[in-house]
Amino acid sequence: MDRREDIASIFEQAERWFARLRARDCSAADRQAFEAWQTADPAHAAAYDETRRLWAELAPLADDEEVARWRREAVSGEPRTTRREHAAWGLAAAASVVLALALGGYAMWGAKAPTPAAVAHYATTGELQRLTLADGSRITLNANTELDVTMDASARVVQLTRGQAVFDVVHEPRRPFVVHAAGNTIRDIGTRFDVNLDDAQTRINVIEGVVNVTRGERTATLARGEELATGDNVWRQRNVDPDVAIGWTRGMLVFRQTPLDEAVAQANRYGDGHRLVVADPSLASLPISGDFRIGENDSLVRALQSAFPIRARHDAASGETRLYRR
C-alpha cells in the first residue's frame, strides 16, 4: 500500500469512528477501542480531528435525505457498498476535501490566517465558581482563586496564580491543555485533576485519567488517586482518595488524618467572618478526620472540642477563635 492509499484508509477509519461514537448504543468498550486507535498513531488523531471539523462545516446538509441515509447506515454498521455511487454531492465534496488536505493539497484552499488567542481572567473571593470553556472543558474555582485562560488554534493554557481549581478537560491531541502554577507545568493527557496552591507548596491530585507534571528538571506522571506535592525542596508523591481531594466542590470540607493547621487553613478560606487560629504550635500537626460543611466554622469548632484534645477560646476584640491544647 503506497502512502496515498494509506492516508485514504486512515480517513476511512476516522469516518467510521466518528459515526460509531455518535451511535446510541456506543459502549464503553467502543470508546476504549477508539482511544487506543487514536493514540496508536499521530496520523489517526489528525484524521479524526479533520473529519470532525469537516462534518461540522457540513451541518447545512443535515436535512439532505441521501446524507441522512448514509449516516443511518454508518451508525448501524450496515455495509456502505453504494456510498460512492449514491452519496450526495456535498458528502462527495467533503471526502475529496479530506483527501486533498491529507495529501498536501492545501494550495486549493489558500493559507489560513492564525486565529488570535482569546484571554479571559477569572477570580473568586469567598464563593465557588464553575466555568465551561469554549472547547467544552470545565473549571471549578475554589474560594479566593485567580486564574487566566488563553485559548487559540494550537494550545489551551491556564495560569493559576492563586487558590485552587478542578479541571475537567476535553482531550484534544492537537491542542494540548496546560496549567502553569507556581513553577509547575501540568499537562493533561485526557483527565480530571485538582491543583491547589498553598503558601509553601503546590498539590496536584488526579481524579480521573493521567497528567504529566514538570518542575525544573523533575517530571512525574500521575494517574487516578495519586497526589504530587511540589515546591522549593519538596517533591513528594503519594496515593490519596480522589473524592477527599475534591470534597470542596460538593460544599464539604473532607479531612482524613489531615494536620490541624492545614484543616484550619481550608476552613478559613471561605470567609464566613469566623476565623480560626491554631494558637498552640503543638497542635499544628495533630491529625483530624471528619466531614464538615463549608462555611460553618462554629460546627467545626464544636466537633474539634468534642472529638480531639482541643479547647477553643473566642477573642471578641479580633473576632478570632483560638485553639489550644487541653
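Table for the structure above
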item	result
Residue in the stretch 243-255 that is touching a Phe, Trp or Tyr at 6+ places or on another chain (Cβ under 8 Å), under 24 Å from G126 (Cβ atoms) and among the small types (G, A, S) present	no
Cβ pairs under 6 Å, 6+ apart, first in the stretch 214-229 and at positive phi and in contact (Cβ under 8 Å) with a residue 40 or more places away in the chain, second outside any strand (DSSP E or B) and charged (D, E, K, R)	none
Test result for V240, closer than 19 Å to D298 by Cα, free of Cβ contacts under 8 Å to residues at least 60 places away in the same chain and of a type in the set (V, I, T)	no
Matching option when the condition is free of Cβ contacts under 8 Å to residues at least 24 places away in the same chain and of a type in the set (S, T, N, Q), among Q201, Q159	Q159
Residue ID - surrounded by the most Cβ atoms within 10 Å (Cβ to Cβ), chosen from residues in the stretch 278-326 that are among the basic types (K, R) and assigned to a strand (DSSP E or B)	R322
Candidates G225, G295 - the one that is under 26 Å from T125 (Cα atoms) and of a type in the set (G, A, S)	G295
Checklist (1) within 13 Å of the chain's Cα centre (by Cα); (2) of a type outside the set (S, T, N, Q); (3) surrounded by 15 or more Cβ atoms within 10 Å (Cβ to Cβ) applied to G136, failing item	(3)
Test set (1) modelled with pLDDT of 95 or more; (2) within 19 Å of Y122 (Cβ to Cβ); (3) in contact with an Asp or Glu (Cβ under 7 Å, 6 or more places away or on another chain) - A181 fails condition number	(3)
Residue identified as surrounded by fewer than 14 Cβ atoms within 10 Å (Cβ to Cβ) and in contact with a strand residue (DSSP E or B) (Cβ under 6 Å, 6 or more places away or on another chain) among R236, R275	R236
Selection status of D194, assigned to a strand (DSSP E or B), of a type in the set (D, E) and touching a helix residue (DSSP H, G or I) at 6+ places or on another chain (Cβ under 9 Å)	yes
Number of positions in the stretch 162-194 that are closer than 22 Å to Q32 by Cβ and touching a residue at least 60 places away in the same chain (Cβ under 8 Å)	4
Which listed residue, of V277, V264, is within 16 Å of I294 (Cα to Cα) and in contact (Cβ under 8 Å) with a residue 40 or more places away in the chain	V264
Residues located in the stretch 2-58, provided they are at pLDDT 80 or above, of a type in the set (S, T, Y) and farther than 19 Å from I189 by Cβ	S27
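The values are calculated or read from the model by the stated rules, or taken from the named source; none is laboratory data. Just so we're clear, the structure is a prediction, and the values are computed from it rather than from any experiment. For neighbour counting, all protein chains shown are included, and Cβ atoms are generated from backbone atoms with ideal geometry for every residue, glycine included.
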